[in-house]
Amino acid sequence: MGITSIVVASKDEPGSRHVGAADRSIEVELDATGSIPNDELARILEQAGAEAVHLGYQGQPQMWELASAAEKADLAVVGTDLDVLGALTDPTTVRSAAERAHVRTADTEPPYRPREVGVLVAADSHGDTVAIAECDRSLSTSEHVLIHESPTPELFFRSDGEAFRTALFDSACRLAAELRYAGLLEVRFQLDPAGRAWASGVTIGLPRHHTLIEMVTRVDLVGLQLRIASGEKIPEELRIVEPRGHALGASIVALDHPEAVVSSFSIAPAPQGRVQATASATIGLPLPADDRPLIAKLTTYDPIRHRALLTMDRMLAEMRAEPFTTNVPDLRRILADYAFRAGQYDTQSAQRFI
């Protein structure tokens, strides 16, 4: 897109992957919590001559403080909005917006053993919204979503799946429009086997599982964020995007010693366009403080779901990340379970599979 990228990074991470990928880097001393000092950020950005700041993934704990510091420097903030971000900390905000949009919420009638499905929506500053794709996030523990999947098997295997998806996307767009937000946001739904859906929450910004959506849609989501932030309308071609094939995503985390220096990290060769690995690990350095205990995210894609699953299992089996004990055995147990392979799981299934 012809945009120069500047990364603000810790002085302890000169060889990190994100530093190497950027056009320029600015080194800073992190504070006692391992974060960029907010009172320093405005000065750093002004000195860099930056025009906009991208804060990373949705749900970052420091997002509010970082966005406030960027606004003080009179910079456009990509991927978040202070007013909307503040409003979403109040649970009544989503409930009220859902009522205005005529969308049921989970707190009024919670379903039994639901699936949790997130619908990614793009909204621009001209009041337009488009639902891009959905992602199943049911297989999670209290700390992490273990496996993401797009499209959700709940709709993939249903005879009325397309009609269900259309209704779900319409609900997500109506709810997103009520929040008056420009950018990407994910509306989370709980789905029951009878074909009913309840909105359970909204998160703004770039989702951590964005690689799944990009693989099934071929939409550059960060590029889309930048265009929306610059005031452009949602591209017309986004309205006719039809997700194709199937993508699975797994988060590989360190179960012990997340602060240890990475002594070995390798991922097996894979077919072009079918596997994407986003690594936090860099040999000779500890995991970045704001990523711990995440070692890597692995995404596999194939026109056929079962082949995407088998590719994921092979990639996990051959991955090496030392000196950590990882959750790879748990992930492979999920992939091997017959119920998972049949697409039959819900928010209570992760522990049973493991």
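State whether the residues of region 344-352 include one that is modelled with pLDDT of 95 or more, of a type in the set (Asp, Glu) and either crowded, with 19+ Cβ neighbours inside 10 Å or closer than 13 Å to Ile147 by Cα (or both).
No - not one qualifying residue is present in region 344-352.
I want to confirm something. Restricting to region 249-260 and keeping residues that are in contact (Cβ under 8 Å) with a residue 40 or more places away in the chain and either in the same structural domain as Ile213 (by TED's automatic domain parsing) or surrounded by fewer than 18 Cβ atoms within 10 Å (Cβ to Cβ) (or both), which single residue is nearest to Met312 (Cα to Cα)?
In this case the residue turns out to be Leu255.
May I ask you to verify whether Ala268 is surrounded by fewer than 18 Cβ atoms within 10 Å (Cβ to Cβ), small (Gly, Ala, Ser) and modelled with pLDDT under 95?
Yes: the conditions hold for Ala268.
Of all residues being among the small types (Gly, Ala, Ser) and in a helix (DSSP H, G or I) in region 218-256, which is nearest to Phe324 (Cα to Cα)? Just the residue, please.
Among those that are among the small types (Gly, Ala, Ser) and in a helix (DSSP H, G or I), it is Gly223.
Checking the conditions here, which among Leu212, Leu184, Leu175 is closer than 15 Å to Val119 by Cβ, in contact (Cβ under 8 Å) with a residue 12 or more places away in the chain and touching a His at 6+ places or on another chain (Cβ under 6 Å)?
Values: Leu184 fails: touching a His at 6+ places or on another chain (Cβ under 6 Å); Leu175 fails: touching a His at 6+ places or on another chain (Cβ under 6 Å).
The unique qualifying residue is Leu212.
Only one of Ala50, Ala42, Ala73, Ala87 is closer than 15 Å to Gly205 by Cβ and either in the same structural domain as Leu185 (by TED's automatic domain parsing) or not aromatic (Phe, Trp, Tyr) (or both). Can you tell me which?
Working: Ala50 fails: closer than 15 Å to Gly205 by Cβ; Ala42 fails: closer than 15 Å to Gly205 by Cβ; Ala73 fails: closer than 15 Å to Gly205 by Cβ.
After applying the criteria, what remains is Ala87.
For region 201-228, what are the residues that are crowded, with 20+ Cβ neighbours inside 10 Å and of a type in the set (Gly, Ala, Ser)?
Gly205
Those residues that are among the charged types (D, E, K, R) and either at pLDDT 90 or above or assigned to a helix (DSSP H, G or I) (or both), I need them from region 108-128; list them, please.
Selection gives Arg115, Glu116, Asp124, Asp128.
Restricting the search to region 169-181, which residues are among the aliphatic types (A, V, I, L, M) and crowded, with 21+ Cβ neighbours inside 10 Å?
Scanning region 169-181 gives Ala172, Leu175, Ala176, Leu179.
Take the residues in region 309-328 that are out of contact with any helix residue (DSSP H, G or I) (no Cβ under 9 Å at 6 or more places or on another chain) and assigned to a helix (DSSP H, G or I); name whichever of them is nearest to Ala247 (Cα to Cα).
Within region 309-328, the match that is nearest to Ala247 (Cα to Cα) is Thr311.
Looking at (1) free of Cβ contacts under 8 Å to residues at least 60 places away in the same chain; (2) surrounded by fewer than 17 Cβ atoms within 10 Å (Cβ to Cβ), which is the one condition that is false for Leu298?
Among (1) free of Cβ contacts under 8 Å to residues at least 60 places away in the same chain; (2) surrounded by fewer than 17 Cβ atoms within 10 Å (Cβ to Cβ), the lone unmet condition for Leu298 is (2).
The values are calculated or read from the model by the stated rules, or taken from the named source; none is laboratory data. Every value quoted in this text rests on a predicted model; they were computed, and no experiment measured them. All Cβ positions, glycine included, derive from the backbone under ideal geometry; neighbour counts span all protein chains shown.
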